[in-house]
Amino acid sequence: MTITVRVITPDRVVWDNVAEEVILPSSTGQLGILTGHAPLLTALNTGVMRIRPGKDWENVAVMGGFAEVENNEIKVLVNGAELGKNIDKEKARAEYEKAQTTLDEATKGDDRRKLIQAQQAWKKARARYQAAGGLVSL
């Protein structure tokens, strides 16, 4: 059996298909979903959602939101999302490295707002780079 998966942002549907397995970046850690999973509502962190429609995995960079699992259907409502195969890996790597530098500089300063903005930008850049297939140390 399969699970129907829908990834929805405020302006478009990023994924609407069936899958054998899904891994969500929940606020409590990675969460695997298979057919017959118990009903669930969970918050999602900015990170990489993995979908296995067949034998291969698809990566989706998600920018925080919620997921609801019920009756072999997963609805993922997120602030933003992008399919990993549509992300330019080298550009994502450069953006990640720039975000890392900005975060390092913000960590040394006293501006709390600048630090929070740098952390959010770093999380988004990291998710995009990972979804594109880049290896990022944790």
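Quick rundown of the values:
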{"read-out": "Cα convex hull of region 5-76, projected area averaged across orientations, nm²", "value": "4.3 nm²"}
{"read-out": "Over the chain: Kirkwood hydrodynamic radius from C-alpha pairwise inverse distances, Å", "value": "15.5 Å"}
{"read-out": "Long-range lysine pairs (8 or more apart or interchain), the chain, Cα under 17 Å", "value": "13"}
{"read-out": "Accessible surface, region 45-138, averaged per residue in Å² (probe 1.4 Å)", "value": "61 Å²"}
{"read-out": "log10 of Debye I(q)/I(0), alpha-carbon scatterers only, for region 72-136 at 0.16 Å⁻¹", "value": "-0.59"}
{"read-out": "Folded to 0 to 90 degrees: helix 112-131 orientation relative to the chain principal axis, Cα", "value": "50 degrees"}
{"read-out": "Residues with amide H under 5 Å from that of Ile74, placed H, sequence gap 5 or more", "value": "Thr4, Val5, Arg6"}
{"read-out": "Spin-label model distance (nm) - Val13 vs Glu97, 7 Å beyond Cα toward Cβ", "value": "3.9 nm"}
{"read-out": "Tilt relative to the chain, helix 89-108 - C-alpha long axis, 0 to 90 degrees, to 10", "value": "50 degrees"}
{"read-out": "Full-extension gain in nm, Thr2 to Asn79, via 0.36 nm per residue minus C-alpha separation", "value": "25.1 nm"}
{"read-out": "Environment charge of Glu20, counting only residues whose C-beta is closer than 13 Å and scoring Lys/Arg +1, Asp/Glu -1", "value": "0"}
{"read-out": "Carbon + sulfur, % of accessible area of the chain - ligands and nucleic acids excluded, 1.4 Å", "value": "48 percent"}
{"read-out": "Estimated 222 nm signal from helices in the chain, with DSSP H stretches of n ≥ 4 weighted -39500 (n - 2.57), rounded to 500", "value": "-10000 deg cm²/dmol"}
{"read-out": "Cα centroid of region 13-67 to Cα centroid of region 89-138, whole Å", "value": "22 Å"}
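The values are calculated or read from the model by the stated rules, or taken from the named source; none is laboratory data. From a predicted model like this one, the values you see are computed outputs, not experimental measurements. We place every Cβ from the backbone using ideal geometry, glycine too, and count neighbours over all the protein chains shown. Areas reflect the complete protein model, heavy atoms only, side chains present, ligands, DNA and RNA absent. Shrake-Rupley method; radii C 1.70, N 1.55, O 1.52, S 1.80 Å.
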